[in-house]
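S.K.: Here it is: the structure, laid out below.
The values are calculated or read from the model by the stated rules, or taken from the named source; none is laboratory data. Quick caveat: nothing in here was measured; it's all calculated off a predicted structure. Methodologically, a virtual Cβ is constructed for each residue, glycine included, from the backbone with ideal geometry; neighbour enumeration extends over all protein chains shown.
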Amino acid sequence: MKNFLLLMLALFFQQLTAQEKLYEKKVHSQLKIHFTHFDNNELEAKLPDSIHTALKPLHYYEVNGNVILNKYRQMLLPKKTWVGRKLFNEHLFTVLENDYWFTIDPVVDGRLGKDNVSGTTTFQNTRGIRVEGSLGKKVSFSSTIAENYARFPKFFDRYAWATYPQIVPGYGLNKSEDFVHTDYPYAAGYVAYKPSKYFFLELGHGKHFIGDGYRSLFLSDNAANYPYFQISANFWHVKYTTMWTVYQDLRPEFSSNGVFKKKFSAIHYISWNATKKLNLGFFESVIWYNENRRGFDVNFLNPLIFFKTVEYESGSNASNTVVGLSIRYKLPYKISVYGQFLLDEMTVSKFFGDKGYWGNKFGYQIGMKYYDAFNVTNLFIRAEYNQVRPYTYGHNTLTNYAHDYQALAHPWGANFRETLLELQYRKNRLYAHNILMIGEKGFDFPGDPVAYGGDIYRYIRSQDKSSDMYMLQGNLGKILYNNLEAGYILNPATNLKIYGGLIYRKTSIEAPLPTVKNESTKYIYFGIKTHLWNAHFDVF
């Protein structure tokens with residue numbers, strides 16, 4: 001009996017050693033760390049001041065690998081059977097050699113729920129697979145493919161059928177035609193290459209987030225995945241990233257023979273650690289499309305150019321440029337304050353002398369994060385305020401700041417104010433996460449040809465000379481949204497969770513719209529999921 005117990009103990013530590021070897025390779029690879037707000041908040045609390053945290057998802061090679069490895073070790077359970085280890089501690093399938101390794105895991109999201117508005121049972125049925133690994137020390141790869149079939153709560157379901165063709169917010173095209181269930185694919189993947197300690201290259205299909213907030217006014221993960229190519233340089237106290245992407249406009253009037261209209265984008269983001277506590281960032285993005293057979297404009301391949309100069313040379317309507325500044329400062333007691341300022345368009349004389357001028361298109365964000373709050377490990381608190389003026393992100397052609405009917409920055413588009421509070425806590429494998437949002441937005445009136453600046457897809461030039469524009473003009477809507485979720489992390493290697501939650505949502509609006517009603521929603525749900533990306537139920 002004693003020998004048998006010693007054998008079992010030896011086998012357990014042998015498996016543990018193999019998993020630790022895998023994680024040691026993984027935390028030094030070029031792979032992305034899956035981006036969810038919950039996991040990112042906890043990770044940032046343990047990172048040194050020198051890390052540039054604004055461009056997400058972060059990569060393993062950027063952070064201290066011991067932070068992730070130690071968290072994994074702390075969450076391990078003493079499982080001896082193959083089923084127990086695979087369910088609670090390990091990847092499903094692993095190949096680990098000296099020069100290469102890869103893992104294969106299922107991706108699932110099985111959710112049941114019910115909301116009081118529709119009175120019907122809702123569900124989510126996601127089935128997929130995820131493969132990731134490395135070839136040598138300089139090349140890493142990842143691929144995730146999933147098929148989704150769902151019936152959403154009423155308030156969210158309206159958005160899935162509000163456009164033609166239909167889209168599921170955060171994911172993209174809905175291929176169902178029964179107006180009851182949604183059916184949509186999910187595909188993401190990339191190949192990353194790090195030729196030296198200074199440079200990093202990545203080619204893929206996915207999405208990004210730029211900023212230190214829960215929201216971003218620069219670029220968020222709100223819209224569907226898109227093709228991209230990214231180059232980053234990390235030297236001195238600076239991280240400089242340039243990225244080229246391809247977006248598309250789904251509006252039927254711009255489609256040709258069933259092919260959606262493509263538009264291109266180039267993005268620069270410079271992150272500078274000015275001091276150990278102060279980080280400053282500069283952002284610029286330009287979107288253009290194939291006007292006059294322009295195609296991909298090689299002028300925007302230059303990673304060091306100021307986009308506005310090329311925009312002027314090509315014509316004022318040929319492209320749309322937005323610029324922004326960001327700041328983050330670390331205070332004592334693990335408190336950080338941060339902010340963003342986004343400028344879409346400005347006439348200097350009007351900006352300071354005519355506050356109601358329609359062309360004063362800008363937005364700003366201020367926020368505070370408190371890590372390990374009140375000396376409680378893994379307790380996190382965030383408070384944040386966002387405001388964007390009417391007509392920001394819009395443009396008079398295809399070059400609005402959107403992709404697949406979804407805003408590329410804040411999901412509410414423009415002409416809104418929002419205050420949010422985030423709280424989260426984890427104890428071993430148990431966790432809780434709460435998001436509270438209170439906001440106002442000026443919508444358009446149904447049937448009214450006038451665009452009041454909230455819909456970035458509507459841009460009426462007849463108002464160009466108007467100087468009586470104001471925040472929240474138009475069809476005023478108000479929202480109170482709270483999502484409380486709690487659960488248990490089944491497997492820290494794959495981030496598999498069992499969870500349950502309650503969403504309370506109350507909206508009011510002067511003139512009801514197809515997507516926004518005067519109603520109160522209580523939505524209760526529970527399920528099991530591989531938590532690799534953020535959900536997007538906080539639509540307005």
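S.K.: Among the residues that make up the range 479-495, is at least one of them assigned to a strand (DSSP E or B), small (Gly, Ala, Ser), at pLDDT 95 or above and more than 30 Å from ILE104 (Cβ to Cβ)? Steps first, please.
M.R.: Here is the first cut: in the range 479-495, the residues assigned to a strand (DSSP E or B) are 479-491.
If we keep only those that are small (Gly, Ala, Ser) too, we end up with 486-487.
After this cut, where a residue has to be at pLDDT 95 or above as well, the list is 486-487.
If we keep only those that are more than 30 Å from ILE104 (Cβ to Cβ) too, we end up with none.
Checked the range 479-495: no residue is assigned to a strand (DSSP E or B), small (Gly, Ala, Ser), at pLDDT 95 or above and more than 30 Å from ILE104 (Cβ to Cβ).
S.K.: Looking for something among the aromatic types (Phe, Trp, Tyr), under 23 Å from the mean Cα position of the chain (by Cα) and in a loop (DSSP other than H, G, I, E, B) - is there at least one such residue anywhere in the range 408-425?
M.R.: Here is the first cut: in the range 408-425, the ones among the aromatic types (Phe, Trp, Tyr) are 412, 416, 425.
Restricting the remaining residues to those that are under 23 Å from the mean Cα position of the chain (by Cα) gives 412, 416, 425.
Right, trim to in a loop (DSSP other than H, G, I, E, B) and you get 412.
Scanning the range 408-425 turns up at least one residue that is among the aromatic types (Phe, Trp, Tyr), under 23 Å from the mean Cα position of the chain (by Cα) and in a loop (DSSP other than H, G, I, E, B).
S.K.: Scan the range 433-449 and report the pairs whose first residue is within 11 Å of LEU480 (Cβ to Cβ) and hydrophobic (A, V, I, L, M, F, W, C) and whose second residue is at pLDDT below 95 and not in a strand (DSSP E or B), with Cβ atoms within less than 9 Å and a gap of 6+ or a chain change.
M.R.: What qualifies is MET437/ASP538; MET437/PHE540.
S.K.: Right, next: Out of curiosity, is SER196 out of contact with any strand residue (DSSP E or B) (no Cβ under 6 Å at 6 or more places or on another chain), among the hydroxyl-bearing types (Ser, Thr, Tyr) and free of Cβ contacts under 8 Å to residues at least 40 places away in the same chain? Outline the logic, then answer.
M.R.: Values: out of contact with any strand residue (DSSP E or B) (no Cβ under 6 Å at 6 or more places or on another chain): yes; among the hydroxyl-bearing types (Ser, Thr, Tyr): yes; free of Cβ contacts under 8 Å to residues at least 40 places away in the same chain: yes.
Here the answer is yes, as SER196 does meet what is asked.
S.K.: Hey, another quick one. So which residues in the range 430-455 are charged (D, E, K, R) and farther than 27 Å from LEU502 by Cα? Before you say what the answer is, go through the steps one by one.
M.R.: Let us first name the residues in the range 430-455 that are charged (D, E, K, R), namely 440-441, 444, 448, 455.
Selection gives ASP444, ASP448, ASP455.
S.K.: Would you point out the residue of the range 163-205, among those that are β-branched (Val, Ile, Thr) and assigned to a loop (DSSP other than H, G, I, E, B), that is surrounded by the most Cβ atoms within 10 Å (Cβ to Cβ)?
M.R.: THR163
S.K.: Which of the numbered conditions does TRP533 fail, given that it passes all the others? Conditions: (1) under 19 Å from THR122 (Cβ atoms); (2) buried (at least 19 other Cβ atoms within 10 Å of the Cβ); (3) aromatic (Phe, Trp, Tyr).
M.R.: Among (1) under 19 Å from THR122 (Cβ atoms); (2) buried (at least 19 other Cβ atoms within 10 Å of the Cβ); (3) aromatic (Phe, Trp, Tyr), the lone unmet condition for TRP533 is (1).
S.K.: Please identify the pairs in which a residue from the range 68-91 that is under 26 Å from GLU44 (Cβ atoms) has its Cβ atom under 7 Å from the Cβ atom of a residue that is among the acidic types (Asp, Glu) and modelled with pLDDT of 90 or more, counting only partners at least 6 apart or on another chain.
M.R.: Close Cβ pairs satisfying both conditions: HIS91/ASP105.
S.K.: Filter the range 206-237 down to residues that are under 18 Å from the mean Cα position of the chain (by Cα), part of a strand (DSSP E or B) and under 17 Å from TRP272 (Cα atoms), then give me how many there are. Steps first, please.
M.R.: Initially, the range 206-237 is screened for residues under 18 Å from the mean Cα position of the chain (by Cα), giving 206-230.
With part of a strand (DSSP E or B) added as a condition, the list becomes 206, 209-210, 219, 226-230.
Cutting the leftovers down to under 17 Å from TRP272 (Cα atoms) gives us 210.
So the answer is 1.
S.K.: Suppose we filter TYR333, TYR391 for residues that are on the phi > 0 side of the Ramachandran plot, loosely packed, with under 15 Cβ neighbours inside 10 Å and in contact with a Phe, Trp or Tyr (Cβ under 9 Å, 6 or more places away or on another chain); which single one remains?
M.R.: The unique qualifying residue is TYR333.
S.K.: Sticking with this structure for a sec: Quick check: is even one residue across the range 454-470 of a type in the set (A, V, I, L, M), over 30 Å from PRO227 (Cβ atoms) and buried (at least 21 other Cβ atoms within 10 Å of the Cβ)?
M.R.: Among the residues of the range 454-470, at least one is of a type in the set (A, V, I, L, M), over 30 Å from PRO227 (Cβ atoms) and buried (at least 21 other Cβ atoms within 10 Å of the Cβ), which makes the answer yes.
S.K.: Taking the range 426-467 as the search range and keeping residues that are in a loop (DSSP other than H, G, I, E, B) and β-branched (Val, Ile, Thr), which one is modelled with the highest pLDDT?
M.R.: ILE456
S.K.: Looking at LEU43, LEU96, LEU47, LEU58, which one is hydrophobic (A, V, I, L, M, F, W, C) and either over 30 Å from HIS536 (Cα atoms) or touching a residue at least 40 places away in the same chain (Cβ under 8 Å) (or both)?
M.R.: LEU96
S.K.: Now a separate question. Considering each residue of the range 134-160, count those that are assigned to a strand (DSSP E or B), in contact (Cβ under 8 Å) with a residue 60 or more places away in the chain, over 20 Å from the mean Cα position of the chain (by Cα) and crowded, with 21+ Cβ neighbours inside 10 Å, and give that number.
M.R.: Looking only at that region, the number is 2.
S.K.: In this structure, does TYR431 turn out to be surrounded by fewer than 24 Cβ atoms within 10 Å (Cβ to Cβ) and within 16 Å of TYR459 (Cα to Cα)? Before you say what the answer is, go through the steps one by one.
M.R.: On the way: surrounded by fewer than 24 Cβ atoms within 10 Å (Cβ to Cβ): yes; within 16 Å of TYR459 (Cα to Cα): no.
The answer is no for TYR431.
S.K.: Which of the residues spanning the range 342-377 are at pLDDT 95 or above and surrounded by 17 or more Cβ atoms within 10 Å (Cβ to Cβ)? Talk me through it step by step, then tell me what you get.
M.R.: Taking the range 342-377 as the starting set, the residues that turn out to be at pLDDT 95 or above are 342-343, 362-377.
Scanning the range 342-377 gives LEU342, LEU343, PHE362, GLY363, TYR364, GLN365, GLY367, LYS369, TYR370, TYR371, ALA373.
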